[in-house]
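The values are calculated or read from the model by the stated rules, or taken from the named source; none is laboratory data. Bear in mind that the values here come from a model prediction, so they are computed numbers and not experimental data. Backbone-built Cβ (ideal geometry, glycine too); neighbour counts: all protein chains shown.
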């Protein structure tokens, strides 16, 4: 029971701040503007499931996939961070264009949004390169001799499910949060979240670049 609780806390505490579902909720709301409440509920569930599969895949087989392909974790950080920077910059530009242009009613097709449930709504905006690299690291640093212990496996599974539930609840409540904050405060929140997304991407690129530089110097 001690190993189960310890592993659960390690996974949840390590992934939740990086996934940051509460901070990502305004971005989710922006990208699903015009979709019905029922459609957002379906999308929230799909993103949570996709995120869970990504996290579990990264924890349990991420290291083996990278080794098979000959890709190092710093390279994943650099490449993924650049994708995150591009996504955050696109969101900032979208807000600027919407503010400067005339107001238009742009009907949204829920089938189109469902096709986007994995990319970009899950990857990279929810479970991005930072989350994947942390999940791979957690999987690679399992205690020796306890990799397949039921308590360790159970803790990792429960921790990952808890993160997915947090994603679902945060995204499911995004519209309610917007109604409480109001348009002006929500606009500020969205811009700050988009900017932080760019900053997070830069930080991930920098972390990967430093690791690559250290490899060159060694």
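A few notes on this one:
- Neighbours by Cβ (under 8 Å, 6+ apart or cross-chain): first from the stretch 85-103, modelled with pLDDT of 75 or more; second in a loop (DSSP other than H, G, I, E, B): 87/120; 87/124; 87/125
- Residue match in the stretch 29-45 (condition: in contact with a helix residue (DSSP H, G or I) (Cβ under 9 Å, 6 or more places away or on another chain), under 28 Å from residue 73 (Cβ atoms) and modelled with pLDDT of 90 or more): no
- Qualifying residues in the stretch 9-35 (those that are under 15 Å from residue 117 (Cα atoms) and not in a helix (DSSP H, G or I)) - the one nearest to the chain's Cα centre (by Cα): 32
- Test for residue 130: is it in contact with a helix residue (DSSP H, G or I) (Cβ under 9 Å, 6 or more places away or on another chain), touching a residue at least 40 places away in the same chain (Cβ under 8 Å) and closer than 14 Å to residue 20 by Cα: yes
One line per residue, one yes/no per condition, for (1) under 15 Å from residue 22 (Cβ atoms); (2) part of a helix (DSSP H, G or I):
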| residue | (1), (2) |
| --- | --- |
| 124 | no, no |
| 135 | no, yes |
| 160 | no, yes |
| 178 | yes, yes |
| 199 | no, yes |
| 207 | no, yes |
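- Number of positions in the stretch 1-35 that are without any contact (Cβ under 8 Å) to a residue 60 or more places away in the chain and within 16 Å of residue 192 (Cα to Cα): 1
- Considering the stretch 120-143, the residues that are more than 11 Å from the chain's Cα centre (by Cα) and surrounded by fewer than 21 Cβ atoms within 10 Å (Cβ to Cβ) include one that is farthest from residue 79 (Cα to Cα), namely 143.
- Filter result (in a helix (DSSP H, G or I) and free of Cβ contacts under 8 Å to residues at least 40 places away in the same chain) within the stretch 62-74: 64, 65, 67, 68, 69
- Here the stretch 53-70 is the region considered, the condition is being under 14 Å from the mean Cα position of the chain (by Cα) and buried (at least 21 other Cβ atoms within 10 Å of the Cβ), and the residue that is farthest from residue 113 (Cα to Cα) is 58.
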